[in-house]
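Colleague: Please read through the structure below; I'll follow up with questions.
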Amino acid sequence: MSKPLKQIHLAAHFPGVNNTTVWSDPAAGSHIEFSSFAHFARTAERAKFDFLFLAEGLRLREQGGKIYDLDVVGRPDTFTVLAALAAVTDHLGLTGTINSTFNEPYEVARQFASLDHLSGGRAAWNVVTSWDAFTGENFRRGGFLPQQERYSRAREFLETANELFDSWRGDEILADPSTGAFLSDAKAGSFAHTGQHFDIHGQFNVPRSPQGRPVIFQAGDSEEGREFAASSADAIFSRYATLKEGQAFYADVKGRLPRYGRERDHLLILPAASFVLGDTDAEAEEIARDVRRQQVSGATAIKHLEFVWNRDLSGYDPEGPLPDVDPDLGEHTVARGRAQVRMYRDPLATAREWRELAEANKWSIRDLVIETGNRQTFVGSPATLAGTINDFVQADVSDGFILVPHITPGGLDSFADQVVPLLQERGVYRTEYEGTTLRDHLGLAHPDERHDVRSAS
């Protein structure tokens, strides 16, 4: 008997500040004006996407002691943007990345419960930790925690937030004008938590929201991150969108679920994916080459090379050969706040490999960065994209994809108009929303454990 077709989950990442965005393209718009967010969200909802996703940037990145101005376009507050989008959409989930290293559980729980109320049950929280002291300088605590302690704090942070969400059953509000009784339980929202990282008690002042708790996303790829997702998350962002790597990640994370009493469909795996569409596959490949050159200007190529060399390379010609000097093995200080520096664990080995590639292919610095950098995940005609996305999901590479267009805010339009109808024709993608909450869209159960929490106390 053949396996039933999986339904594909699609979401959209508003690019903001990253190496995918081509802000210099004439078709690109603002990354901070609300009209851009509204256009992007309405397109995603028109295409019946599950949710819109916002990443987080708590500090502008620096390179060589200066703000990295090649991709700085503004990073407005996540909750402000999502709350505004709740007013101009009806079904689209609203997912925000909020840090567990520098925030407090009460504050974050209150914000997400409020967003869930305002949106009618469409809130989701991507729980992340902060890895660098550079970002910590913006906060009272400063510094940063070692990785093990970051995840320990994140686990207790989420546990504490869930206790706050569950401090209301959902049936306490009577609002009976005949008796003047507003609450059936004067202690609704009472909580007390004592742990390694948090010692708080009081009453949570936001009643039970439509979803009970926001949908929980997690983005870590480390051993700790995978285990955290298996134990606590509803979805995990995967960095693996290729066939073999994606299948290995999918099998690993799904295989961890039974030890926490969870089924395979209790956790969705969703890689980020960029795309380029053309009328034909050949045209799409040509467009993709042009886009990669837009994404990596000469100045960007030099900055990227500095991630590995950890030294000022501004005197080098991006259209010339790679530096003949070796990387500086001192602590990374050239590119402060950039996660890319963690990708290159052995700078000397990376430099040797890149020199060999450049010499063999006669590549300049810019050519090398273009060819070794992130390529578009899906490139082709609408039929090719629809077929490949479906093949990957059915082959358990993922449960769907979070699409990251290179143009904001209109870069999602062509996918919505040309690829989504083909997926719908295949019967693997919804033609209408069947529920009202994000949990409905993702096929996730409502967190019924809240009743157990109250009855066991």
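The values are calculated or read from the model by the stated rules, or taken from the named source; none is laboratory data. None of these values were measured; they are calculated from a predicted model. Ideal geometry is used to build each Cβ from the backbone, glycine not excepted, and the neighbour counts take in all protein chains shown. Surface accessibility is based on the protein's heavy atoms, side chains included, excluding ligands, DNA and RNA. Shrake-Rupley method; radii C 1.70, N 1.55, O 1.52, S 1.80 Å.
Colleague: Anything in region 300-318 that is in a loop (DSSP other than H, G, I, E, B), modelled with pLDDT of 90 or more and open to solvent by less than 70 Å² (accessible area, probe 1.4 Å)? List them, or say none.
Modeller: Across region 300-318, the qualifying residues are Leu313, Pro318.
Colleague: Quick check on my filter: what residues within region 102-127 are surrounded by fewer than 24 Cβ atoms within 10 Å (Cβ to Cβ), assigned to a helix (DSSP H, G or I) and charged (D, E, K, R)?
Modeller: Glu107, Arg110, listed by residue number.
Colleague: Here's another thing I want to ask about it. Could you check region 243-284 and list, in sequence order, the residues that are open to solvent by less than 10 Å² (accessible area, probe 1.4 Å) and assigned to a loop (DSSP other than H, G, I, E, B)?
Modeller: Within region 243-284, Leu267, Gly278 meet the criteria.
Colleague: Considering each of Val72, Val81, Val17 in turn, give the residue that is β-branched (Val, Ile, Thr), at negative phi, at pLDDT 95 or above and open to solvent by 10 Å² or more (accessible area, probe 1.4 Å).
Modeller: None of the other options fit; the residue is Val81.
Colleague: When the residues of region 129-145 are narrowed to those that are at pLDDT below 65 and more than 21 Å from the chain's Cα centre (by Cα), which ends up most open to solvent (accessible area, probe 1.4 Å)?
Modeller: Looking at residues that are at pLDDT below 65 and more than 21 Å from the chain's Cα centre (by Cα), I get Arg140.
Colleague: Do you know which of the residues in region 157-182 that are aliphatic (A, V, I, L, M) and within 16 Å of Gly202 (Cβ to Cβ) is farthest from the chain's Cα centre (by Cα)?
Modeller: Leu164
Colleague: Residues in region 421-444 that are open to solvent by less than 20 Å² (accessible area, probe 1.4 Å) and over 22 Å from Asp234 (Cα atoms): how many?
Modeller: 1
Colleague: Here's another thing I want to ask about it. Keeping to region 226-239, report how many residues are modelled with pLDDT of 90 or more, assigned to a loop (DSSP other than H, G, I, E, B) and not small (Gly, Ala, Ser).
Modeller: Counting residues in region 226-239 that are modelled with pLDDT of 90 or more, assigned to a loop (DSSP other than H, G, I, E, B) and not small (Gly, Ala, Ser) gives 1.
Colleague: Separate question: Looking only at region 192-225, count how many residues are surrounded by fewer than 20 Cβ atoms within 10 Å (Cβ to Cβ) and either part of a strand (DSSP E or B) or among the basic types (Lys, Arg) (or both).
Modeller: Qualifying residue count, region 192-225: 8.
Colleague: OK, next. In region 38-69, what residues are open to solvent by 50 Å² or more (accessible area, probe 1.4 Å), modelled with pLDDT under 95 and farther than 23 Å from Ala301 by Cα?
Modeller: Taking region 38-69 and keeping what is open to solvent by 50 Å² or more (accessible area, probe 1.4 Å), we get 39, 42, 46, 55-56, 58-60, 64-67, 69.
If we keep only those that are modelled with pLDDT under 95 too, we end up with 55-56, 58-60, 64-67, 69.
Residues satisfying the conditions are Ala55, Glu56, Leu58.
Colleague: Of everything in region 319-338 that's within 32 Å of the chain's Cα centre (by Cα) and open to solvent by less than 30 Å² (accessible area, probe 1.4 Å), which residue is modelled with the highest pLDDT?
Modeller: The selected residue is Pro327.
Colleague: Select from region 300-318 the residues that are under 31 Å from the mean Cα position of the chain (by Cα) and within 13 Å of Ser364 (Cα to Cα) and list them in ascending order.
Modeller: Answer for region 300-318, where residues must be under 31 Å from the mean Cα position of the chain (by Cα) and within 13 Å of Ser364 (Cα to Cα): Ala301, Ile302, Leu305.
Colleague: Oh, and also: Given (1) in contact with a Gly (Cβ under 9 Å, 6 or more places away or on another chain); (2) of a type in the set (D, E, K, R); (3) farther than 28 Å from Gly121 by Cα, where does Arg293 come up short, assuming only one miss?
Modeller: Tallying (1) in contact with a Gly (Cβ under 9 Å, 6 or more places away or on another chain); (2) of a type in the set (D, E, K, R); (3) farther than 28 Å from Gly121 by Cα, Arg293 fails exactly one: (1).
Colleague: Moving on. Could you look through region 6-51, keep only residues that are among the hydroxyl-bearing types (Ser, Thr, Tyr) and not in a loop (DSSP other than H, G, I, E, B), and pick out the one that is farthest from Val419 (Cα to Cα)?
Modeller: In this case the residue turns out to be Ser35.
Colleague: Has region 272-289 got any residue that is in the same structural domain as Trp363 (by TED's automatic domain parsing) and among the basic types (Lys, Arg)?
Modeller: no
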